[in-house]
Each structure stands twice: as structure tokens, then as C-alpha cells.
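The values are calculated or read from the model by the stated rules, or taken from the named source; none is laboratory data. Because the structure is predicted, anything quoted here is derived from the model rather than measured. A quick note on method: Cβ atoms are made from the backbone with ideal geometry, for glycine too, and the neighbour counts reach across all protein chains shown.
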Amino acid sequence: MIIAERKPVDEIVEMVSGVKRVLVLGCRGCVSICSAGGEREVEILASLLRLGASKQGRTLETIEATLVRQCDREYIEGIDQWAGQYDAIVSMACGVGVNFIANLRPLDVVYPGVNTSFFGGSADQGIWTEQCAGCGNCVLHLTGGLCPVARCAKSLMNGPCGGSVGGRCEIHKEVPCIWQAIHDRLDRTGRKEDMSRIAPIRDWSAAGHGGPRKQVRDDLTV
Amino acid sequence: MSFTPDIRVFCCHYTSQQAIAEGLAGLKNDGFPPNATIERLLCSGKLQVSTILKAFEDGADGVCVVGCPVNECHNLMGSQRAAHRVLAVRKALNELGVEGERIEMFHLPRGFHPEFVEAVKQLDERTRGMGPSPFNGGTAK
Ligand code: SF4
Ligand code: SF4
């Protein structure tokens, strides 16, 4: 899922400092699961924004709402139900949601309520770790299912580097060297020869280095 | 200028047993601040961040949360959850430029009394020192 966390409250208070009525808009997708921008977090942020405004000696009206998703046109259209009742939207969805509101609602002012961090999973309660960088050219079939792009500090394709010590990464000692883990895992599963396969030179244009990416599925388009 | 803070106490069923049994008059005799109001919960772990924030919106100058000792909660993890939520509120208050010390978590023995009164007195005194909540027109120290 996409992992996000609420921005520092003072930053958001500052964004809405010239505004009287805010629609605080959550998303029931990834950000609900990682407790950054679901219904509960919307209630908390709305309360904090009202408190922030009282501290400035003013009142702020808030509408609290949560859409099924903010990354689909049909849900964004649902914002029409609050037409005329807000001066700005604070979206607690990931950056995709904020962009979708900006794309589809030319007259709405929209601010981000969260920092969108990475693609990851829940390693333990309250702990999320990055697992994939969306590079567009997946090599997990060669690396035992462990991602060298997202999980090696240097995104090496032929690690480990010389700094790998005792299975730990030289950049962050608390993080396992993913290349050590890749070799150990391939060895354990009898697939050591995968490491001697010469992989073609990577085409990094698929990783976003060639501008915004787009995917078209002819079997689905109408 | 004298200032009487509005203190809200959220406590679990177990840590407030004796306090509730004594009633308001009894509590007053023991020195429980008359400006503090008690909201009793089945478990401190039931307390939500949004409920604490609402108390500040509602005019609280200080909030006192009382739950069982860390590793002896009647509901196992309840008081630890409450303590984490108190920290989340503190962090948010600090981000708003308001003293995080306006809220405190106390882990107290179950059903016991003097410590309970003492905890609320401590928060009351601390809050008097800080003055009115900046959300109610005060200025953060
Ligand atoms: S190789 Fe690329 S697509 Fe595959 S997991 Fe890593 S970042 Fe994601
Ligand atoms: S120690 Fe391992 S994970 Fe860290 S940078 Fe080197 S190869 Fe990558």
C-alpha cells in the first residue's frame, strides 16, 4: 500500500490560515489502513485545525468527510455534495488524491494533509517499511523476491557493496543488507545460479526518469 | 491575576473506584481540586485522541488521564494504549506551539485513593503555572 503520515499540524494550520471553511477529506484506501488519512484521522485533524484557528483568535468551520477513494474520477465527483460549503479542501489522501482533486476540480483550492512516503507494508503494529519503488521493470524473479531498488540504500543491481558487514547495511546499521539477504535466500532455495545470470542493462526510463508515466490497457479502455 | 484552570480528568473504572465511592463532598475534603471534572471510562484504552482534543476545544486548560500501572492493566494493554494516545496529543499540541505538559498520563494502583487526588492536584498546579490555554485566549509559555 501507499504509506503516508500526517504533516506537522502547524504546517497545515498555516496553509488554511486565510480560510474560513475547510473540507477535511479522508480516503478509505491505503491511508486508512496505515492510519494516516482515514475517518479517524480526519476527525483528529479537523479538531486540531479548529484548535489552531482558536489559538490565532479566529474560528474555522470544518466539514469532515471520507471518500471511498480519491484516485478515481467517480469518487472525486462526489465532492459536489458539499458545493458552496467550503473555501478549501485539505485532502488526507496520498499525493495522488490531491492531484486528482486538482486535475478534476479547476476552481477548488486543495492542500495536502499528509506527506506521502513510500510503497510499503506493515512490518509490525504501527511500523511500516518500504518494499518497492515502482521502478516499472521488476527484477524480483532474479532476486528471490527481495527488491534491490527499494531496499538497497544504493539501489545496486549487483550487490552487496563493500560496506556490507555481518548482514547489515553500511548506510543504516539497523537495516539488513538486502543483497546479503538476496544471496542467502537464493542459496537456501537452491537458486544460486540466478546470481550468475547476466541481466540486460536496465532501462530506467520506466522508473520515471523519462517524465510522468502512463499505463494504457487496451482491453479495458472504452 | 488569579486563574482557575478547567481541568478534565479521564480515568478508568478501576483507578477511580474509591474516588467515585467518596462522592464530590468526600473528594473535596481530601483536597481534590474543585475545578476538576471526572469522566470515568470502562478502560483508559477506550479514550480516543479525538475525545481528548474535544476536551481542549471545549475549554479545558489541562487534561489528566489516569489508568492502571503499565504492566498490570485490568484489560492488559489498555493503559499503555492510553499513554500512547496522550503522547500523540502532546506531539500535536507542541506542533501547534502549545505546551504539551497540559496533558499528562498517570499510571496508578487500582482502587487506591491518595495517589489519585495527588495526580489531579499536580496537574492542577502545573496548569495554574502555565496560565489559561492558548486555545482559550492564553499565551503559551
Ligand atoms: S524491482 Fe522495481 S518493481 Fe520490482 S519490487 Fe523493486 S522497485 Fe518494485
Ligand atoms: S550494504 Fe547492502 S543494502 Fe547497504 S548499500 Fe551495500 S549492498 Fe546495498
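Quick look at the values:
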read-out: Flag if A:L156 is more than 8 Å from ligand 2 (Cβ to nearest atom), in a loop (DSSP other than H, G, I, E, B), closer than 24 Å to A:G121 by Cβ and among the aliphatic types (A, V, I, L, M); value: no
read-out: Long-range neighbours under 8 Å by Cβ, at least six apart or interchain, first residue more than 14 Å from chain B (Cβ to nearest Cβ) within the range A:57-76, second loosely packed, with under 11 Cβ neighbours inside 10 Å and modelled with pLDDT of 95 or more; value: A:I63/A:Q85
read-out: Among the residues listed as A:A133, A:A102, the single one being away from ligand 2 (no atom under 11 Å from the Cβ), surrounded by 12 or more Cβ atoms within 10 Å (Cβ to Cβ), closer than 30 Å to A:A65 by Cβ and away from chain B (no Cβ under 14 Å); value: A:A102
read-out: Residues of the range B:97-140 satisfying the condition of being within 14 Å of chain A (Cβ to nearest Cβ) and assigned to a loop (DSSP other than H, G, I, E, B); value: B:G97, B:V98, B:E99, B:G131, B:P132, B:S133, B:G137, B:G138, B:T139, B:A140
read-out: Unmet requirement for B:H84, which otherwise passes all of (1) in a helix (DSSP H, G or I); (2) touching a Ser or Thr at 6+ places or on another chain (Cβ under 9 Å); (3) over 22 Å from A:R50 (Cα atoms); (4) not small (G, A, S); value: (2)
read-out: A:S47 vs. criteria within 12 Å of chain B (Cβ to nearest Cβ) and over 23 Å from B:G59 (Cα atoms); value: no
read-out: Hits in the range A:14-42 (condition: crowded, with 21+ Cβ neighbours inside 10 Å and within 10 Å of chain B (Cβ to nearest Cβ)); value: A:E41, A:V42
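Results for (1) in contact (Cβ under 8 Å) with a residue 24 or more places away in the chain; (2) over 21 Å from the mean Cα position of the chain (by Cα), shown as yes or no for each residue.
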site	(1), (2)
A:A83	no, yes
A:I89	yes, no
A:P106	no, yes
A:F118	yes, no
A:D124	no, no
A:I127	no, no
A:A133	yes, no
